[in-house]
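S.K.: Take this structure, written in structure tokens, and hold onto it; I'll ask about it next.
The values are calculated or read from the model by the stated rules, or taken from the named source; none is laboratory data. What you see is a predicted model, and the numbers here were worked out from it, not measured in a lab. Here the Cβ is made from the backbone with ideal geometry for all residues, glycine too, and neighbour counts use every protein chain on show. Surface accessibility is based on the protein's heavy atoms, side chains included, excluding ligands, DNA and RNA. Shrake-Rupley method; radii C 1.70, N 1.55, O 1.52, S 1.80 Å.
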Amino acid sequence: MKILVFTEKPFAPAAVKAIENTVNASGNELEVVEGGTREDFVAAIKDAEGLIVRSDKVDAALMDAAPKLKVIVRAGAGYDNIDLQAATDHKICVMNTPGQNSNAVAELVFGMMVMMCRNQYNGKSGSELKGKSLGIYAFGQVGRNVARIAKGFNMNIEALDLFVPDAVMEAEGVKPVHDVNDLFANNDFVSLHIPATKETKGSIGYDLVMKMPKNGVLVNTARKEVIDEAGLIKALEERPDLRYVSDIKPDTAEEFEQKFASRVFFTPKKMGAQTAEANFNAGVAAAEQVIAYLKDGWNKYQVNK
Ligand code: 3PG
């Protein structure tokens, strides 16, 4: 059976090798297309039974072009790039690989926070993370790794996640909060780890950001879609002390950069999970999950019904 890896953002070479070994050992056949066009995707998916992607968009038209496709695994956490309803209609199982790249994303949060505190390394006097407060918005795999690392920096940590019992956070030395307004009002740094859903899209804007204490920093390694960009711009205009750092450019990046210069920073491409280790973990997990599904319907991490 053919398993296709299609990704715009390449995996580390060692991860591709490991995926290859895993697929070969299972007796399946692997095709890897990195940086291909939509036409390349349509051509390659035609005879594939399994598909591994990252943030690459998988829509109904692609599924129409893939009559043999049975399973899609998103090598990573967020699956907002996959049309789940279309997959269900096409009787395709969709899974993600929870936790496999979460340390990489969490480490980038700290890279970004230090960079903003040190004025993007411009030589001027900055500030430290020690003793500051951090609000973690969503206490999933990434949020928990962020909390673990924050303890090493001696930060005071709060988190909001209505799906996680208080006791779970408390056991990690994290103070639970139950109102997003409090999370923003209480913390010098707020780190976003919410998925992009119809409830969360555009949900972080003017009102919340204006609640942040003096010199607040909003850190977004989640999805650009959760930000109300116009609202955030208005808040940054009214509050020259606030800063925004995001792992991926907002749609209105130019306006942010023109207006706020060194108070904002954006990666050109999503970099959170772009490490050799995360590529290896998520890539091999994805390959194993595709193989297990094709072999005997293993679907532990299925995200569509
Ligand atoms: C994820 O949802 O797993 C992360 O955002 C990483 O996405 P990527 O695989 O496109 O880098």
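S.K.: Any residue in region 166-189 that is under 17 Å from residue 218 (Cα atoms) sitting within a Cβ distance under 9 Å of a residue that is among the β-branched types (Val, Ile, Thr) and in a helix (DSSP H, G or I)? List the pairs, counting only those 6 or more apart or interchain.
M.R.: Taking only residues 6 or more apart or on different chains, the pairs are 184/209; 189/109.
Listed here are the residues, each with its yes/no results for (1) closer than 30 Å to residue 96 by Cα; (2) in a helix (DSSP H, G or I).
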residue	(1), (2)
139	yes, no
142	yes, yes
148	yes, yes
154	no, no
159	yes, no
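S.K.: Okay, next question. Is one or more of the residues making up region 133-148 touching a Lys or Arg at 6+ places or on another chain (Cβ under 6 Å) and either open to solvent by 10 Å² or more (accessible area, probe 1.4 Å) or more than 21 Å from residue 260 (Cα to Cα) (or both)?
M.R.: No.
S.K.: Of everything in region 22-33 that's out of contact with any strand residue (DSSP E or B) (no Cβ under 6 Å at 6 or more places or on another chain) and either β-branched (Val, Ile, Thr) or surrounded by 13 or more Cβ atoms within 10 Å (Cβ to Cβ) (or both), which residue is farthest from residue 286 (Cα to Cα)? Step through it out loud before you land on a result.
M.R.: Here is the first cut: in region 22-33, the residues out of contact with any strand residue (DSSP E or B) (no Cβ under 6 Å at 6 or more places or on another chain) are 22, 24-27.
Adding the requirement that they be either β-branched (Val, Ile, Thr) or surrounded by 13 or more Cβ atoms within 10 Å (Cβ to Cβ) (or both) leaves 22, 26.
Details: 22: 10, 26: 13 Å.
By that ranking, first place goes to 26.
S.K.: Now, a different point. Answer with yes or no whether residue 85 is within 19 Å of the chain's Cα centre (by Cα) and within 24 Å of residue 286 (Cα to Cα).
M.R.: no
S.K.: A further question on this structure: Taking region 1-36, which residues are β-branched (Val, Ile, Thr) and either within 16 Å of the ligand (Cβ to nearest atom) or on the phi > 0 side of the Ramachandran plot (or both)? Quick ask: steps written out before the conclusion?
M.R.: First, pick out the residues of region 1-36 that are β-branched (Val, Ile, Thr): 3, 5, 7, 16, 19, 22-23, 32-33.
Within region 1-36, 5, 7, 16, 19, 32, 33 meet the criteria.
S.K.: Which pairs do you get when a residue that is in contact (Cβ under 8 Å) with a residue 60 or more places away in the chain, found in region 1-27, comes within reach of a residue that is open to solvent by 10 Å² or more (accessible area, probe 1.4 Å) and among the polar types (S, T, N, Q), reach meaning Cβ atoms under 6 angstrom, with the pair 6+ apart or on two chains?
M.R.: 1/28; 3/28
S.K.: Out of curiosity, is residue 284 within 16 Å of the ligand (Cβ to nearest atom), assigned to a helix (DSSP H, G or I) and under 20 Å from the mean Cα position of the chain (by Cα)?
M.R.: Taking the combined requirement at face value, the residue satisfies it.
S.K.: I'd like the full set of residues that are within 16 Å of the ligand (Cβ to nearest atom) and of a type in the set (Gly, Ala, Ser), limited to region 64-85.
M.R.: Of everything in region 64-85, those that are within 16 Å of the ligand (Cβ to nearest atom) and of a type in the set (Gly, Ala, Ser) turn out to be 75, 76, 77, 78.
S.K.: I'm told residue 173 meets every condition in (1) buried (at least 19 other Cβ atoms within 10 Å of the Cβ); (2) within 27 Å of residue 101 (Cα to Cα) except one. Can you identify the failing condition by its number?
M.R.: For residue 173, the exception is condition (1).
S.K.: Check off (1) under 17 Å from residue 273 (Cβ atoms); (2) in contact with a His (Cβ under 9 Å, 6 or more places away or on another chain) for residue 66 and give me the number that stays unchecked.
M.R.: Condition not satisfied by residue 66: (1).
S.K.: Okay, moving on. Which of the residues spanning region 31-89 are polar (S, T, N, Q) and in contact (Cβ under 8 Å) with a residue 24 or more places away in the chain?
M.R.: Result: 55, 81, 85, 88.
S.K.: If you don't mind, another one. Among the residues of region 37-63, which ones are in a loop (DSSP other than H, G, I, E, B) and either within 15 Å of the ligand (Cβ to nearest atom) or among the basic types (Lys, Arg) (or both)? Write out each step before concluding.
M.R.: The initial filter retains those residues of region 37-63 that are in a loop (DSSP other than H, G, I, E, B), namely 37, 46-49, 54-57, 59.
Matches in region 37-63: 46, 54, 55, 56, 57.
S.K.: Have a look at 249, 234, 295 and point out the one that is part of a loop (DSSP other than H, G, I, E, B) and open to solvent by 50 Å² or more (accessible area, probe 1.4 Å).
M.R.: 249 is the lone residue from the list that is part of a loop (DSSP other than H, G, I, E, B) and open to solvent by 50 Å² or more (accessible area, probe 1.4 Å).
S.K.: Find the residue count for region 252-281, including only residues that are surrounded by 17 or more Cβ atoms within 10 Å (Cβ to Cβ), in a helix (DSSP H, G or I) and under 16 Å from the mean Cα position of the chain (by Cα).
M.R.: Adding up the residues that qualify gives 3.
Matching residues to (1) in a helix (DSSP H, G or I); (2) among the acidic types (Asp, Glu); (3) open to solvent by 10 Å² or more (accessible area, probe 1.4 Å); (4) modelled with pLDDT of 95 or more:
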{"position": "80", "(1), (2), (3), (4)": "no, yes, yes, yes"}
{"position": "85", "(1), (2), (3), (4)": "yes, no, yes, yes"}
{"position": "99", "(1), (2), (3), (4)": "no, no, yes, yes"}
{"position": "114", "(1), (2), (3), (4)": "yes, no, yes, yes"}
{"position": "123", "(1), (2), (3), (4)": "no, no, yes, yes"}
